[in-house]
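One structure is given here, and the rest of the page talks about it.
None of the figures in this text is laboratory data; all of them are computed from the coordinates on show. Quick caveat: nothing in here was measured; it's all calculated off a predicted structure. Cβ placement follows ideal geometry from the backbone for every residue including glycine, while neighbour counts extend to all protein chains displayed.
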Amino acid sequence: MSTVDASRRLINELVTLLDRRIRVVLVNGKQYEGVLVGFDHPSLNILLKSVTDESGLKYSKIIVKGERISEIIAVEEPLFDPEEFKEFLLRELKLQEHAVKVIPEARSVEVLGRYRVSEEGVMGSGAMAETLYGVYKKYIELKKKGMQG
């Protein structure tokens, strides 16, 4: 794997954490937990909102310089996994493999070259979009139940 590919994977992983709760551990041991609302590349400065530090102090927003970050920990995982949803869709609708394609950089699934499904829902219109939305809702409900135990 090239360095460019590795860097792209890191950025894609950070994109999946946008609008999710994360914990940031700084090199001095201080910790912040909040919702990741932005970051820049390559410095990895990050913007958090609804933040709490390890002593319980609350902040509406903070910007953490990338050079100060030791760890970024996902506290809240995304429900939607494009690869998993593709397999679920193939089983539920009995579609052929070539009809469903994962688009990793967009964290979405393309169906029949015309519809897109992502964590935000279904893009497209018509009967097939309605069917996809039903499958999407079922998938998300199963994921939520799985997280609750």
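The table below lists the values:
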item: Tally, over the stretch 125-141, of residues that are in contact (Cβ under 8 Å) with a residue 12 or more places away in the chain and either touching a Ser or Thr at 6+ places or on another chain (Cβ under 8 Å) or not polar (S, T, N, Q) (or both); result: 9
item: Members of the stretch 133-149 that are surrounded by 17 or more Cβ atoms within 10 Å (Cβ to Cβ) and either of a type outside the set (A, V, I, L, M, F, W, C) or in contact with a Lys or Arg (Cβ under 9 Å, 6 or more places away or on another chain) (or both); result: Tyr136, Tyr139, Lys143
item: Qualifying positions in the stretch 34-60 - surrounded by 13 or more Cβ atoms within 10 Å (Cβ to Cβ) and over 27 Å from Ser108 (Cα atoms); result: Ser50, Val51, Thr52, Asp53, Tyr59
item: Qualifying residue in the stretch 81-90 (condition: over 30 Å from Lys145 (Cα atoms), in contact (Cβ under 8 Å) with a residue 12 or more places away in the chain and surrounded by 12 or more Cβ atoms within 10 Å (Cβ to Cβ)); result: no
item: Identity of the residue in the stretch 82-134, of a type in the set (Gly, Ala, Ser) and on the phi > 0 side of the Ramachandran plot, that ends up farthest from the chain's Cα centre (by Cα); result: Gly126
item: When residues of the stretch 98-112 are limited to those that are in contact (Cβ under 8 Å) with a residue 12 or more places away in the chain and exposed (fewer than 12 other Cβ atoms within 10 Å of the Cβ), the one nearest to Val15 (Cα to Cα); result: Glu105
item: Lone unmet requirement of (1) touching a Ser or Thr at 6+ places or on another chain (Cβ under 6 Å); (2) assigned to a helix (DSSP H, G or I) for Asn12; result: (1)
